[in-house]
Every structure is written in C-alpha cells, then in structure tokens.
Ligand SMILES: [Fe+2]
C-alpha cells in the first residue's frame, strides 16, 4: 500500500498484503437466481424515481463528508454505479486510492498497463507495451466488464473500479454504463434458462497471448455470470469483442451469448451515456461499460486523460435486499 494511503484515517483495518479474492461460485439453485431477479426488479423502480445519471458533488475526494459518502453509497445501491464531480480542479492519481479507501474497497489491482502506483493513466500511447491495446488508442471500446480476461483460476476478480477524467477529448470519448443486475433480469424475462446457460464455468475463453506478461500467457476460461457465495452479489464477466475470444461451441451457449449481446444493445432505457468532464468520475461495482472513439487536439492540454483504479472488492453496503 502506498505510504501516502497508510496515513489516511480510512486505511485503518485495511491489510496492505491482502490477496485478491477468488472468483465467485455460481449458486445455480432457483433460490439464488430468484434473489438476483427480485433485487433487480426492485432496482427498476429507481429508474423511474430518480435520475440515474445525476451527479453527486464531492468537495474533496480525500475527505468525503458523511453526506457525500452516503449519497455515493445510495446511488451505488440503486444502480451499481454513480457519477461524481469534484469541486477541486486539481486531479491527483492518489485521489482514486483515497476514494477507494473511504468506500472500503481498499487494495488496487496491478495490471501491467498500470503505472507503478497501480493506477492507470488511460491515454493514447504511441510507444511502449500499450499501443496494441484499444484502451490506449483513440478507437471505440465495445461493451465489456473490466478484468474479463482473467479466468476461473487467476484468483483475480475485478469487482469495482473508479474512472476519473483529468482531460476530456475535444471530440468524442463518451462512456456508457449499464448495471449487470438489470441485464440479468432482462435476459431472465426473455427465457429463464438464458442466465443459467451463461453461468457455465466454461462459457468463454480468452486464448493465450505469448507476447504478454505471465498472467496472460495461458488461456483463461470462465463464466459470464457468477454469484459470490458469501455476499450473493452478481458478478459479470463479458466482452463484446469478436477477436481473441473463444465462446463455448455448445449451441445453447452460442444462442444465449447472441441474445445477451442484443439485450445489452437494446437496453437504452437503462443505459447512461455521458462524456466525463474534467473533475468528473465514475465509481462502480464493475458494471458493463463502453467508450466511443475520440479525437485529441493538437496541444498537450487537449489530450484525453482518464485515471483508472481497479479493486478486488465490491463496494461494501451497496447490495440491495433481494
Ligand atoms: Fe473498461
């Protein structure tokens, strides 16, 4: 844990050596499924009552007031994501770590594209290891959840993340978000067997990439949907990409994956699309998200820059009763 974080009051009780929590075990029984479904049904009411994309103002991300914190948790409970706006103009990478600490999600995931402090500077990169990765280009990024390329055995499950916009692109670069609980419900309403089919532990595989660090040099297989056996929270692992992904050839899984793609694309009622402005960010329980392509300006000050921190824990206290 960064020395700076250790001195923050919210770091009390956070074990800096804590290991990633393993993948969830899918509780496939009707009770577990109904629990997710009934929770999602309750959530749909929030889309009528409160504006899902409304912004929570934060005076200082390093020191949330009780009101700010409870407002963030309320939106996370209702939608699994929340958009915030900081009043301060200075965006520091460590702000994301402090936000994570104060929300109880603690330790950040280190992936090889992250900087030394485990927080990624997502921007167009022409050099180094990153140019081959779409997040580090100006191209659009399709629907996905973060960490979909980790498999059953990696022990690494991304359950939440924070994006913070330092500089928006002059043109494009909008993000869109959908709550996986709602997607699970929409699929279940079409055919109750669809989400169960996609919980197959070998639903899709990311093939090995020998040119990458060790954790990507083996194939990684796992389900789309799983339910944490302890919290009973739904976890979704998904990417809409068509290359470098092997869907299980079982015709039922092929059909369910096709249906899932259509459901996500047609869920505009529950989709929030927003271009994050400077000082704005998103905290979420690893919801489905995508990014449109963008065009940077000529000057250094017109280069899109987003900070991203990923965490192994879901934000505690944001699971509605099911
Ligand atoms: Fe992402």
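We did not get these values from a lab; they are worked out from the coordinates using the rules stated. Model, not experiment: these values are computed from the prediction. Positions of Cβ are backbone-derived with ideal geometry, glycine not excepted, and every protein chain shown enters the neighbour counts.
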Calculated FRET value between residue 44 and residue 252, using beta carbons and R₀ = 22 Å, to 0.05: 0.25
Largest-first principal axis extents of the Cα set of region 265-322 (Å): 50, 29, 17
Length-normalised contact order for region 39-311 - Cα pairs under 8 Å, 6+ apart - percent: 33 percent
Shape parameters for region 39-311, alpha-carbon atoms, Rg then Dmax in Å: 18.3, 52
Full-extension gain in nm, residue 243 to residue 302, via 0.36 nm per residue minus C-alpha separation: 18.1 nm
Per-pair calculated FRET efficiency, R0 = 51 Å: residue 65 and residue 189 via Cβ, rounded to 0.05: 0.80
